[in-house]
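Input: a single structure, listed below in C-alpha coordinates.
The values are calculated or read from the model by the stated rules, or taken from the named source; none is laboratory data. All values derive from a computational prediction rather than experimental measurement. When we count neighbours, we look across all protein chains shown, and the Cβ atoms used for this are built from the backbone with ideal geometry, even at glycine. To get the accessible areas, we keep the full protein, side chains included, count just its heavy atoms, and leave off ligands, DNA and RNA. Shrake-Rupley method; radii C 1.70, N 1.55, O 1.52, S 1.80 Å.
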Amino acid sequence: MGSTGLTLADLPNIFIMIGALISLFVMLVILLRNMEVIGIVGEGREETWPRSMQPPRLLMQRVHIPFTFKVMENEPIGYGGVNCCVSSTVRYWHACWWGAPVRDLHQTLWGTLPEILASNHLNFTRSNPHDESVLKLSSDEALQLGPPPRSCYPLVVILARDQRDTAELRPDDTVALVSIVHIKDEQCPLPSGVIAQYLKQANGHLSCLKQLYVSGEMADVDEGYRAKGEALCCVCAAAPLSRALLPCRHACLCAGCLPKLDKCPICRSIITSYFCIRNEEEPRSDKQQYPINRRLLNLFHYH
(Lines give C-alpha, C1' and ligand atoms only; values in the text may rest on other atoms or scores of the structure.)
Protein backbone atom coordinates (compact mmCIF):
# COMPACT_ATOMS: atom_id res chain seq x y z
CA MET A 1 0.00 0.00 0.00
CA GLY A 2 1.11 3.57 -0.70
CA SER A 3 1.64 6.16 1.98
CA THR A 4 0.40 9.77 1.88
CA GLY A 5 2.79 11.05 4.60
CA LEU A 6 5.81 13.30 3.96
CA THR A 7 9.19 11.82 3.63
CA LEU A 8 12.64 13.32 4.10
CA ALA A 9 13.02 13.48 0.33
CA ASP A 10 10.12 15.97 0.14
CA LEU A 11 11.56 18.48 2.66
CA PRO A 12 13.97 20.28 0.26
CA ASN A 13 11.13 20.96 -2.18
CA ILE A 14 8.96 22.34 0.64
CA PHE A 15 11.76 24.66 1.81
CA ILE A 16 12.26 25.90 -1.73
CA MET A 17 8.55 26.70 -2.06
CA ILE A 18 8.48 28.53 1.30
CA GLY A 19 11.58 30.56 0.32
CA ALA A 20 10.01 31.49 -3.02
CA LEU A 21 6.79 32.64 -1.34
CA ILE A 22 8.71 34.77 1.17
CA SER A 23 10.76 36.33 -1.64
CA LEU A 24 7.62 37.16 -3.62
CA PHE A 25 6.05 38.73 -0.52
CA VAL A 26 9.11 40.90 0.13
CA MET A 27 9.28 42.00 -3.50
CA LEU A 28 5.58 42.89 -3.43
CA VAL A 29 6.01 45.02 -0.29
CA ILE A 30 8.99 46.88 -1.74
CA LEU A 31 7.17 47.45 -5.03
CA LEU A 32 4.06 48.86 -3.34
CA ARG A 33 6.12 51.16 -1.14
CA ASN A 34 8.08 52.50 -4.10
CA MET A 35 4.87 53.03 -6.07
CA GLU A 36 3.71 55.31 -3.25
CA VAL A 37 6.93 57.29 -3.32
CA ILE A 38 7.01 57.96 -7.05
CA GLY A 39 3.37 58.97 -7.07
CA ILE A 40 1.74 55.98 -8.79
CA VAL A 41 -0.40 55.40 -5.72
CA GLY A 42 -1.58 58.46 -3.79
CA GLU A 43 0.39 61.71 -3.59
CA GLY A 44 3.68 60.27 -2.36
CA ARG A 45 5.54 61.14 0.84
CA GLU A 46 5.07 64.59 2.28
CA GLU A 47 8.59 64.88 3.70
CA THR A 48 12.02 64.23 2.29
CA TRP A 49 13.84 61.07 3.22
CA PRO A 50 16.36 61.77 5.94
CA ARG A 51 19.96 61.60 4.82
CA SER A 52 22.07 58.64 5.88
CA MET A 53 24.72 60.95 7.32
CA GLN A 54 24.75 64.67 8.02
CA PRO A 55 27.82 66.71 7.12
CA PRO A 56 30.08 67.58 10.05
CA ARG A 57 29.54 70.92 11.72
CA LEU A 58 32.58 73.16 12.02
CA LEU A 59 32.79 75.02 15.30
CA MET A 60 33.61 78.60 14.37
CA GLN A 61 34.91 81.18 16.81
CA ARG A 62 33.49 84.67 16.79
CA VAL A 63 36.17 87.30 16.25
CA HIS A 64 35.59 90.99 16.79
CA ILE A 65 37.11 93.15 14.04
CA PRO A 66 37.41 96.79 15.14
CA PHE A 67 38.08 98.00 11.59
CA THR A 68 36.15 98.22 8.36
CA PHE A 69 37.70 98.91 4.98
CA LYS A 70 36.13 99.06 1.54
CA VAL A 71 36.81 100.72 -1.78
CA MET A 72 34.19 103.21 -2.91
CA GLU A 73 32.74 101.63 -6.04
CA ASN A 74 31.21 104.78 -7.54
CA GLU A 75 34.51 106.65 -7.52
CA PRO A 76 37.24 106.31 -10.16
CA ILE A 77 40.06 103.96 -9.16
CA GLY A 78 43.56 104.33 -10.49
CA TYR A 79 47.17 104.79 -9.50
CA GLY A 80 46.51 108.51 -9.29
CA GLY A 81 43.96 108.03 -6.52
CA VAL A 82 41.86 105.46 -4.68
CA ASN A 83 38.97 106.58 -2.47
CA CYS A 84 38.37 104.21 0.45
CA CYS A 85 35.83 104.13 3.25
CA VAL A 86 37.37 103.35 6.67
CA SER A 87 36.01 103.11 10.21
CA SER A 88 37.50 102.05 13.54
CA THR A 89 36.31 101.63 17.12
CA VAL A 90 39.87 101.85 18.52
CA ARG A 91 42.92 104.04 18.12
CA TYR A 92 44.90 102.78 15.16
CA TRP A 93 47.66 103.34 12.61
CA HIS A 94 47.12 103.11 8.86
CA ALA A 95 49.57 102.79 5.99
CA CYS A 96 49.49 102.04 2.27
CA TRP A 97 52.07 100.08 0.28
CA TRP A 98 52.07 100.65 -3.45
CA GLY A 99 53.54 97.91 -5.64
CA ALA A 100 54.05 95.60 -2.67
CA PRO A 101 56.16 92.51 -3.53
CA VAL A 102 54.23 89.40 -2.54
CA ARG A 103 57.19 87.80 -0.76
CA ASP A 104 58.08 90.92 1.23
CA LEU A 105 54.47 91.51 2.20
CA HIS A 106 53.94 88.06 3.68
CA GLN A 107 57.26 88.14 5.48
CA THR A 108 56.15 91.42 7.06
CA LEU A 109 52.72 90.11 8.03
CA TRP A 110 54.13 87.07 9.82
CA GLY A 111 55.96 89.37 12.22
CA THR A 112 54.55 90.67 15.50
CA LEU A 113 52.53 93.89 15.72
CA PRO A 114 55.56 95.96 16.84
CA GLU A 115 57.56 94.51 13.94
CA ILE A 116 54.81 95.40 11.46
CA LEU A 117 54.58 98.98 12.78
CA ALA A 118 58.38 99.33 12.56
CA SER A 119 58.65 97.93 9.02
CA ASN A 120 60.81 99.93 6.62
CA HIS A 121 58.31 99.30 3.83
CA LEU A 122 55.46 101.12 5.60
CA ASN A 123 54.90 104.70 6.68
CA PHE A 124 52.14 104.68 9.28
CA THR A 125 49.84 107.54 10.24
CA ARG A 126 48.03 107.56 13.58
CA SER A 127 44.28 108.08 13.84
CA ASN A 128 41.65 108.14 16.59
CA PRO A 129 38.42 106.09 16.60
CA HIS A 130 35.83 107.35 14.13
CA ASP A 131 32.79 106.32 12.12
CA GLU A 132 32.99 105.71 8.39
CA SER A 133 35.04 108.37 6.66
CA VAL A 134 36.72 108.74 3.27
CA LEU A 135 40.43 108.00 3.01
CA LYS A 136 42.08 109.03 -0.26
CA LEU A 137 45.25 107.19 -1.26
CA SER A 138 47.50 108.05 -4.19
CA SER A 139 50.85 106.96 -5.60
CA ASP A 140 53.62 109.43 -6.29
CA GLU A 141 54.69 107.56 -9.41
CA ALA A 142 53.02 105.42 -12.05
CA LEU A 143 53.60 101.75 -11.33
CA GLN A 144 54.58 99.28 -14.04
CA LEU A 145 53.74 95.87 -12.62
CA GLY A 146 54.00 93.96 -15.90
CA PRO A 147 51.68 91.30 -17.31
CA PRO A 148 50.14 88.61 -15.07
CA PRO A 149 51.10 86.53 -13.23
CA ARG A 150 52.59 89.33 -11.18
CA SER A 151 54.97 89.25 -8.26
CA CYS A 152 53.63 92.51 -6.78
CA TYR A 153 50.26 93.71 -5.52
CA PRO A 154 49.14 97.11 -6.84
CA LEU A 155 48.08 98.38 -3.40
CA VAL A 156 48.07 97.05 0.15
CA VAL A 157 46.35 98.93 2.99
CA ILE A 158 47.10 98.03 6.62
CA LEU A 159 45.03 99.15 9.63
CA ALA A 160 46.79 98.26 12.91
CA ARG A 161 45.87 98.83 16.54
CA ASP A 162 47.75 101.35 18.60
CA GLN A 163 50.12 99.45 20.88
CA ARG A 164 48.82 101.40 23.86
CA ASP A 165 45.53 99.50 23.55
CA THR A 166 46.94 95.98 23.33
CA ALA A 167 47.70 95.24 27.00
CA GLU A 168 44.36 93.54 27.78
CA LEU A 169 43.73 91.81 24.47
CA ARG A 170 42.74 88.17 24.28
CA PRO A 171 44.88 85.88 22.09
CA ASP A 172 42.23 85.76 19.35
CA ASP A 173 41.55 89.52 19.23
CA THR A 174 42.31 91.32 15.98
CA VAL A 175 45.33 93.62 15.96
CA ALA A 176 45.51 94.39 12.22
CA LEU A 177 43.37 94.27 9.09
CA VAL A 178 45.25 93.92 5.80
CA SER A 179 43.44 94.65 2.53
CA ILE A 180 44.87 93.91 -0.91
CA VAL A 181 43.46 96.12 -3.66
CA HIS A 182 43.70 95.39 -7.37
CA ILE A 183 43.77 98.35 -9.77
CA LYS A 184 42.70 97.71 -13.34
CA ASP A 185 45.22 98.61 -16.02
CA GLU A 186 45.94 97.81 -19.66
CA GLN A 187 47.93 94.67 -18.89
CA CYS A 188 45.56 93.24 -16.29
CA PRO A 189 41.93 94.14 -17.12
CA LEU A 190 40.40 92.48 -14.05
CA PRO A 191 37.88 94.77 -12.27
CA SER A 192 39.33 97.02 -9.59
CA GLY A 193 38.50 96.28 -5.97
CA VAL A 194 39.54 94.41 -2.84
CA ILE A 195 40.71 90.95 -3.86
CA ALA A 196 41.82 89.63 -0.46
CA GLN A 197 41.79 90.56 3.23
CA TYR A 198 43.82 89.14 6.11
CA LEU A 199 43.35 89.31 9.87
CA LYS A 200 46.34 89.52 12.18
CA GLN A 201 45.50 88.27 15.68
CA ALA A 202 47.17 88.98 19.00
CA ASN A 203 48.47 85.39 19.19
CA GLY A 204 50.36 85.89 15.92
CA HIS A 205 47.97 83.91 13.69
CA LEU A 206 47.25 85.24 10.22
CA SER A 207 43.85 84.35 8.75
CA CYS A 208 42.39 84.99 5.32
CA LEU A 209 38.86 86.40 5.30
CA LYS A 210 36.40 84.60 3.03
CA GLN A 211 33.22 86.15 1.73
CA LEU A 212 29.84 84.54 2.42
CA TYR A 213 27.18 84.52 -0.28
CA VAL A 214 23.82 85.14 1.38
CA SER A 215 20.82 83.95 -0.63
CA GLY A 216 17.26 84.12 0.60
CA GLU A 217 14.07 86.15 0.70
CA MET A 218 13.51 88.86 3.26
CA ALA A 219 10.82 88.57 5.94
CA ASP A 220 7.90 90.95 5.35
CA VAL A 221 6.49 90.82 8.88
CA ASP A 222 7.91 90.85 12.37
CA GLU A 223 7.22 87.56 14.15
CA GLY A 224 8.41 86.05 17.40
CA TYR A 225 11.28 84.04 15.93
CA ARG A 226 12.31 86.35 13.09
CA ALA A 227 12.65 90.06 12.51
CA LYS A 228 11.35 92.09 9.61
CA GLY A 229 13.94 92.33 6.84
CA GLU A 230 15.77 89.20 8.01
CA ALA A 231 16.95 86.79 5.31
CA LEU A 232 14.91 83.58 5.17
CA CYS A 233 15.82 80.05 4.18
CA CYS A 234 15.69 79.65 0.39
CA VAL A 235 14.02 76.22 0.71
CA CYS A 236 11.16 76.69 3.17
CA ALA A 237 11.03 80.53 3.05
CA ALA A 238 9.70 80.46 6.61
CA ALA A 239 12.61 80.15 9.05
CA PRO A 240 15.58 82.54 9.13
CA LEU A 241 18.67 81.19 7.42
CA SER A 242 21.32 80.10 9.90
CA ARG A 243 23.64 77.67 8.08
CA ALA A 244 26.58 78.49 5.82
CA LEU A 245 27.58 75.60 3.56
CA LEU A 246 31.10 74.52 2.69
CA PRO A 247 32.99 74.56 0.43
CA CYS A 248 30.73 76.84 -1.65
CA ARG A 249 30.13 79.33 1.25
CA HIS A 250 26.45 79.85 0.39
CA ALA A 251 24.45 80.93 3.44
CA CYS A 252 21.00 79.86 2.34
CA LEU A 253 19.51 77.21 4.68
CA CYS A 254 17.87 77.02 8.09
CA ALA A 255 18.53 74.37 10.72
CA GLY A 256 15.46 72.35 9.73
CA CYS A 257 16.16 72.14 5.99
CA LEU A 258 19.88 71.32 6.17
CA PRO A 259 19.43 67.63 7.18
CA LYS A 260 17.18 67.06 4.17
CA LEU A 261 19.76 68.05 1.54
CA ASP A 262 23.13 66.73 0.44
CA LYS A 263 23.74 69.41 -2.22
CA CYS A 264 23.65 73.18 -2.06
CA PRO A 265 20.30 74.39 -3.47
CA ILE A 266 22.03 77.37 -5.09
CA CYS A 267 25.04 75.90 -6.92
CA ARG A 268 24.33 72.12 -6.55
CA SER A 269 27.79 71.40 -5.14
CA ILE A 270 28.17 68.62 -2.54
CA ILE A 271 27.87 69.80 1.08
CA THR A 272 30.99 68.59 2.87
CA SER A 273 30.50 70.59 6.09
CA TYR A 274 28.77 73.68 7.46
CA PHE A 275 28.86 76.22 10.25
CA CYS A 276 26.29 78.37 12.05
CA ILE A 277 25.97 82.09 11.42
CA ARG A 278 23.42 82.75 14.16
CA ASN A 279 22.74 81.45 17.66
CA GLU A 280 20.37 78.57 17.09
CA GLU A 281 20.21 75.09 18.60
CA GLU A 282 20.61 72.04 16.41
CA PRO A 283 17.26 70.34 15.64
CA ARG A 284 16.77 67.28 17.82
CA SER A 285 15.19 64.08 16.60
CA ASP A 286 12.99 62.06 18.96
CA LYS A 287 13.50 58.91 16.90
CA GLN A 288 15.69 56.19 18.30
CA GLN A 289 18.99 55.66 16.55
CA TYR A 290 19.64 52.02 15.72
CA PRO A 291 23.23 50.83 15.37
CA ILE A 292 22.63 49.07 12.06
CA ASN A 293 23.28 49.86 8.46
CA ARG A 294 21.14 52.83 7.48
CA ARG A 295 20.89 51.63 3.91
CA LEU A 296 18.90 48.60 5.04
CA LEU A 297 16.39 50.90 6.75
CA ASN A 298 16.12 53.07 3.67
CA LEU A 299 15.55 49.96 1.54
CA PHE A 300 12.32 49.19 3.42
CA HIS A 301 11.56 52.88 4.06
CA TYR A 302 11.73 52.37 7.80
CA HIS A 303 12.35 55.52 9.84
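Within the full protein context, the accessible area of Tyr274 is estimated at about 10 Å² for a probe radius of 1.4 Å.
With every protein chain in place and a 1.4 angstrom probe, the accessible-area ranking of Met72, Met17, largest first, reads Met17, Met72. Computed extension length for Asn83-His205: 41.0 nm, one decimal, from 0.36 nm per residue of separation with the Cα-Cα distance subtracted.
Amide H to amide H distances under 5 Å link Tyr153 with Ala100, Val102, where only residues 5 or more positions off or on other chains count and H is placed in the peptide plane. I need the calculated FRET efficiency for the pair Glu168 and Glu73, taking r as the beta carbon distance and R₀ as 41 Å, to the nearest 0.05. Computed FRET efficiency for Glu168 and Glu73 comes out at 0.65. With r as the distance between the Cβ atoms of Arg91 and Ala142 and R0 = 35 Å, compute the FRET efficiency 1/(1 + (r/R0)^6) and round to 0.05. Efficiency computed from Cβ-Cβ geometry: 0.55.
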